[in-house]
1. Inside the stretch 1-95, counting only helices (runs of 4 or more DSSP H) that do not spill past its ends, which hold 2 or more residues that are open to solvent by 40 Å² or more (accessible area, probe 1.4 Å), modelled with pLDDT of 95 or more and among the polar types (S, T, N, Q)?
2. Of all the residues that make up the stretch 219-235, how many are open to solvent by 10 Å² or more (accessible area, probe 1.4 Å), farther than 10 Å from residue 192 by Cβ and not basic (Lys, Arg)?
3. When only residues in the stretch 238-263 that are away from the ligand (no atom under 14 Å from the Cβ) and in contact with a strand residue (DSSP E or B) (Cβ under 7 Å, 6 or more places away or on another chain) count, which is farthest from residue 275 (Cα to Cα)?
4. Which residue, of 155, 191, is surrounded by 20 or more Cβ atoms within 10 Å (Cβ to Cβ) and in contact with an Asp or Glu (Cβ under 6 Å, 6 or more places away or on another chain)?
5. Working carefully through the options 271, 308, find the one that is under 24 Å from residue 239 (Cα atoms), part of a helix (DSSP H, G or I), within 10 Å of the ligand (Cβ to nearest atom) and at pLDDT 95 or above.
6. Against the condition surrounded by 11 or more Cβ atoms within 10 Å (Cβ to Cβ) and free of Cβ contacts under 8 Å to residues at least 60 places away in the same chain, how does residue 264 come out, does it pass?
7. From the list 315, 292, exactly one residue is away from the ligand (no atom under 12 Å from the Cβ), in the same structural domain as residue 399 (by TED's automatic domain parsing), modelled with pLDDT under 95 and surrounded by fewer than 21 Cβ atoms within 10 Å (Cβ to Cβ). Which is it?
Amino acid sequence: MLKGKHIVIGITGGIAAYKIPYLIRLLVREGAVVRVIMTPAAKDFVTPLTLATLSQNDVIFHPFNHETGAWNSHVELGQWADLMLFAPTTANTLGKMANGIADNFLVTAYLSAKCPVMIAPSMDLDMYQHPTTRKNLDILKGYGHIIIDAQVGELASGLTGPGRMEEPENILEQITSFFFQHEELKGKRILVTAGPTYEKIDPVRFVGNHSSGQMGFCIAEEAAGRGGDVVLISGPVNLHTNHPSIRRINVTTASEMHQACIDHFSSSDILIMAAAVADYTIESPASGKLKKKAEEFTLTLSPTADILKELGEKKRADQYLVGFALETDDGLESAKKKLKNKSLDLIVMNSLKDDGAGFGGATNKVIMISSNGNTVTGELKPKREVASDIVDAILISLNSNQSS
Ligand code: CTP
């Protein structure tokens with residue numbers, strides 16, 4: 001049920017921490033990949049060794065691992081997670097989260113999280129009912145976090161009342177139903193292309209472009225995270241993905257990308273063509289290394305196939321095509337022309353005129369235009385968030401096609 005889901009569990013110093021090893025076991029059994037972060041106080045209630053053994057991953061307390069010398073990046077972990085669960089959450093950590101007091105690794109990771117957050121409070125009944133705790137919980141709810149209410153029952157103090165952390169089986173159920181609700185692409189096969197293509201001049205040189213592949217990889221991960229089966233055709237990039245629902249095919253040239261797209265298009269429901277495919281290739285690449293000469297020389301380029309245009313012509317009524325347009329000048333007009341000429345359902349335009357948009361960087365700013373005329377103008381955002389907006393736009397458009 002949770003195959004490949006990345007879950008970070010933040011454990012704070014409450015007695016209910018003893019239940020977390022069992023919760024981890026349940027999550028791992030469902031296929032989730034679990035990373036644990038503990039506050040220093042949490043170590044008094046449960047051992048890191050138990051948690052590391054059950055999660056099959058090191059437990060993190062500090063930005064710096066004194067034994068291995070490794071640096072733990074709170075930003076990386078916050079971005080890796082599909083879900084962050086804080087369980088048990090003490091009144092102290094609730095207060096820090098609600099007010100941005102980042103004095104430990106757990107709260108810094110929380111402040112870097114891009115994913116949904118679930119909070120399972122656990123404390124004695126008077127603390128749970130105190131106006132400060134209620135206010136902090138309201139603030140966190142207002143941030144869109146999911147609060148797993150504490151239950152009424154026997155508490156460690158001997159008192160009976162609300163404050164008991166929800167049982168691990170019920171937390172698992174809430175996590176499963178949360179992901180299930182968000183599996184909007186379940187059963188869909190999505191073909192994504194990413195990165196540049198390299199056209200060979202001779203055995204050591206090529207003509208390429210500055211595409212890093214990040215946008216396409218973020219889209220592939222977003223689509224897989226929402227339950228889709230993804231084939232990712234990637235040009236030469238320095239990126240990795242290990243999502244179990246992504247099958248990666250590496251290509252180098254435009255012609256190889258063309259062939260790989262043809263091989264997989266008919267079995268795909270959605271094609272998202274984020275690759276920066278070369279428009280020209282070298283007509284006759286040299287078989288040996290070209291030698292330096294004093295005089296000028298000319299490379300003859302011949303056009304490559306326009307993959308998207310060709311697939312747009314072959315498209316079945318049940319297939320959905322998304323193209324990209326990287327523009328420098330009259331962006332919108334040119335993007336609209338590409339939308340029409342290539343028979344697309346959606347075009348995602350980014351302009352090199354916008355600082356922080358386009359190739360290479362970690363952010364992008366896009367305008368999405370769909371064939372029914374809907375236009376969505378996005379802000380400058382991390383590419384992961386832009387990927388989520390693109391998948392949202394595809395789903396909105398697919399749903400409106402179905403209901404019309
Ligand atoms: N594309 C393609 N095959 C090509 C070139 C581009 O499939 N040989 C796809 C790109 O992946 C992108 C869309 O077509 O999704 C638009 O690419 P872009 O480079 O912006 O436009 P071109 O059609 O190449 O036109 P121009 O370079 O003149 O802007």
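The values are calculated or read from the model by the stated rules, or taken from the named source; none is laboratory data. It should be emphasised that the depicted structure is a prediction, and the values quoted were computed from it without experimental measurement. Neighbour counts are summed over all protein chains in view; Cβ atoms, including those assigned to glycine, are modelled from backbone coordinates with ideal geometry. Accessible surface areas use protein heavy atoms only, side chains included; no ligands, DNA or RNA. Shrake-Rupley method; radii C 1.70, N 1.55, O 1.52, S 1.80 Å.
1. In the stretch 1-95, the matching helices (runs of 4 or more DSSP H) lie at 48-55.
2. 3
3. By that ranking, first place goes to 245.
4. Within the list 155, 191, the selection yields 155.
5. Step by step, each of 271, 308 is checked, and only 308 is under 24 Å from residue 239 (Cα atoms), part of a helix (DSSP H, G or I), within 10 Å of the ligand (Cβ to nearest atom) and at pLDDT 95 or above.
6. No.
7. Values: 315 fails: modelled with pLDDT under 95.
Exactly one of 315, 292 is away from the ligand (no atom under 12 Å from the Cβ), in the same structural domain as residue 399 (by TED's automatic domain parsing), modelled with pLDDT under 95 and surrounded by fewer than 21 Cβ atoms within 10 Å (Cβ to Cβ), namely 292.
So that you can scan it fast, the table gives a plain yes or no per residue for (1) of a type outside the set (A, V, I, L, M); (2) in contact with a helix residue (DSSP H, G or I) (Cβ under 8 Å, 6 or more places away or on another chain); (3) modelled with pLDDT under 85:
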| position | (1), (2), (3) |
| --- | --- |
| 168 | yes, yes, no |
| 172 | no, yes, no |
| 180 | yes, no, yes |
| 186 | yes, no, no |
| 190 | no, yes, no |
| 200 | yes, no, no |
